[in-house]
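Here is the structure we will look at.
The values are calculated or read from the model by the stated rules, or taken from the named source; none is laboratory data. Computed from a predicted structure; not experimentally measured. All Cβ positions, even for glycine, are placed from backbone atoms using ideal geometry, and neighbour counts span all protein chains on display. These area figures cover heavy atoms from the full protein model, side chains too; ligands, DNA and RNA do not enter into them. Shrake-Rupley method; radii C 1.70, N 1.55, O 1.52, S 1.80 Å.
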Amino acid sequence: MDRIIMITGATAGFGRAIAKKFAANGYNIIITGRRKERLDEVIKEVSGYNTDILTLNFDVRKRYEAEAAIEGMPEKWKNIDILVNNAGLAVGMSHIHDANVDDWDRMIDTNVKGLLYVTRAVTPFMVARGSGHVFNISSIAGTDIYEYGNVYCATKSAVNTLSRAMRIDLVKHNIKVTNIAPGMAETEFSLVRFKGDKARARSVYEGVDALTADDIAEVIYYCTTLPGHVCINDLTITPVQQAAVGHVARRQE
Ligand code: NDP
Ligand code: 8X3
């Protein structure tokens, strides 16, 4: 079987673009997410490529579901070369003293615990084979802390720390770990953060040529084309108009 990539959160945004990019380049893809109908759409989108596809329909927050889905894969699919821990979200924007605690739970459970559950289930396959590449999708919010961002920023700081920790734990097994920290990218991210408020979501990107999901897919693919002995450890990617989270040179429209 050819090379295999597993992408969490492949039903939208970065994950979906990454799935298409790697399928177009001959990889077999394992795509995961909660929305099954979206996974079916991705299958149709890559049907023109010479690629095998496995869909795993689970919620990364549900540890036993995640473990069962990954353990239950046919043996040949366990030879995963690349894992992209992408599933994640921001929910709400509030000060620490008046936030919705359910929003905090969703972010911590998805962005930190979900990432860990999937990594714990997949990395033993890589260790057994003595090779692999893990990408963790963090954010500039992991280092560039901003008002109302508190818990989302904290989850992405945790991802940064986990990337460093994974690199130390996995280095002797010839496993690369690349931490990707994007800035503003126009996906469903803001729609989710603002709980379906389309106007508010759209306003985030006004006057900015934001990153696209395809930009992120392109960068991740590039990292995988380097020689075996080369590992890009950390990458920060922003639109040219964004210097930091709160420093965006918007066009007047
Ligand atoms: P999207 O909302 O477009 O996509 C998010 C993906 O995550 C979806 O496929 C969704 O699938 C999946 N997901 C969310 N929660 C769960 C869950 N509990 N279980 C399984 N899958 C889940 O957002 P992006 O593509 O923009 O975001 C991808 C990653 O990039 C996130 O980690 C985000 O924090 C990060 N990021 C985004 C930036 C941006 O500006 N867009 C910038 C920096 C980082 P489904 O709902 O079907 O389960
Ligand atoms: C998403 C980037 O700036 O909205 O991770 O926090 S930001």
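Things worth noting here:
- Protein accessible area in the stretch 4-248, 1.4 Å probe - carbon and sulfur %: 52
- Where labels lie 7 Å past Cα in the beta-carbon direction, separation of residue 222 and residue 234 in nm: 1.8
- Euclidean distance between Cα centres, the stretch 167-214 to the stretch 69-145, Å: 13
- Annotation note: trypsin sites (Lys or Arg not before Pro) in the stretch 166-239 located in DSSP loop regions with a Cβ neighbour count of at most 16 within 10 Å are 195.
- Helices in the chain, meaning DSSP H runs of at least 4 residues, each add -39500 (n - 2.57). Divided by all residues, the mean residue ellipticity at 222 nm is -11500 deg cm²/dmol.
- Ligands, DNA and RNA aside, residue 41 has an accessible area near 80 Å² when probed at 1.4 Å.
- Rounded to the nearest 0.05, the FRET efficiency derived from the C-beta distance between residue 214 and residue 131 at R0 = 25 Å is 0.35.
- Computed with a 1.4 Å probe over protein heavy atoms only, the accessible surface of the stretch 4-248 comes to 46 Å² per residue.
- Taking Cα atoms only, the orientation of helix 36-45 departs from the longest principal axis of the chain by about 70 degrees.
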